[in-house]
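The structure appears below as structure tokens.
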Amino acid sequence: MKIKLLLAGAMLLVTTAANAVINAPIPASAYITFGGLQWAWAIPLPGASFPNALSYQGTQGWRLPTAAELAAAPNATDFLSPTGNVPFNGTGSDGATFQALNANYTGAAKCASPYFDTGFDHCDWQDGNGQPFGPWAPGNANNASFADQLFVRDRNDGAVPEPASWALLTIGFGIVGSAVRRRHAATVAA
């Protein structure tokens, strides 16, 4: 009986660890701000293949871009950044990688794939390098070899506090209010 409980607990820990990134807010090191929006290079295939990609990230304000937003979508080179979560020819602490990153570039880049799907942890560099991302380029709408998925959100969506933050803020105000009340009572009594 104890062995079964230990095995069940171990399986829960492994499952939790596997979903830890996909159920976490995307850090700024994994997305870019471009054209007034935040853009995440999210999935190395068409997003329609991953209907649950926004199950958690949708609660964080991430969504599919509109046609107008796609017309002004960033290129792969816009995701190159010294503050990126993926080091050149390496793997980020979140497991993100770039496939076939430009050999002429020696810095870091931003890839949010592990935050949208548990099956993929990479972005395909060649699918966006030097051109608009494939699904939105004329003639490439159904071309899976150029169909990496981008998601967007408004710039302020990332700044909304989560319920746990509100709870901590409320507790903090309560402690400060209590201290002020005690100090005031001590002053009046003296």
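Of these, Leu12, Leu70, which one is open to solvent by 40 Å² or more (accessible area, probe 1.4 Å), modelled with pLDDT under 90 and over 14 Å from the mean Cα position of the chain (by Cα)?
Sole residue among the options that is open to solvent by 40 Å² or more (accessible area, probe 1.4 Å), modelled with pLDDT under 90 and over 14 Å from the mean Cα position of the chain (by Cα): Leu12.
Based on this model, can you work out whether Gly84 counts as modelled with pLDDT of 80 or more, touching a Lys or Arg at 6+ places or on another chain (Cβ under 9 Å) and either part of a loop (DSSP other than H, G, I, E, B) or more than 24 Å from Arg155 (Cα to Cα) (or both)?
Criteria met by Gly84.
Which of the residues that make up segment 108-131 are in contact with an Asp or Glu (Cβ under 8 Å, 6 or more places away or on another chain) and either modelled with pLDDT of 90 or more or of a type in the set (Ser, Thr, Tyr) (or both)?
Of everything in segment 108-131, those that are in contact with an Asp or Glu (Cβ under 8 Å, 6 or more places away or on another chain) and either modelled with pLDDT of 90 or more or of a type in the set (Ser, Thr, Tyr) (or both) turn out to be Ser113, Pro114, Tyr115.
So how many residues does segment 95-107 have that are in contact with a helix residue (DSSP H, G or I) (Cβ under 8 Å, 6 or more places away or on another chain) and either of a type in the set (A, V, I, L, M, F, W, C) or modelled with pLDDT of 85 or more (or both)?
Residues flagged as in contact with a helix residue (DSSP H, G or I) (Cβ under 8 Å, 6 or more places away or on another chain) and either of a type in the set (A, V, I, L, M, F, W, C) or modelled with pLDDT of 85 or more (or both) within segment 95-107 amount to 5.
Listed here are the residues, each with its yes/no results for (1) hydroxyl-bearing (Ser, Thr, Tyr); (2) touching a strand residue (DSSP E or B) at 6+ places or on another chain (Cβ under 8 Å); (3) modelled with pLDDT of 80 or more.
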{"position": "Leu37", "(1), (2), (3)": "no, yes, yes"}
{"position": "Ala48", "(1), (2), (3)": "no, no, no"}
{"position": "Asn52", "(1), (2), (3)": "no, no, yes"}
{"position": "Tyr56", "(1), (2), (3)": "yes, no, yes"}
{"position": "Asn75", "(1), (2), (3)": "no, yes, yes"}
{"position": "Asn89", "(1), (2), (3)": "no, no, no"}
{"position": "Ser93", "(1), (2), (3)": "yes, no, yes"}
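The values are calculated or read from the model by the stated rules, or taken from the named source; none is laboratory data. Since the model is a prediction, treat every value here as computed from it, not as a measurement. All Cβ positions, glycine included, derive from the backbone under ideal geometry; neighbour counts span all protein chains shown. Please note that ligands, DNA and RNA were not included when accessible areas were found on the heavy atoms of the full protein model with its side chains. Shrake-Rupley method; radii C 1.70, N 1.55, O 1.52, S 1.80 Å.
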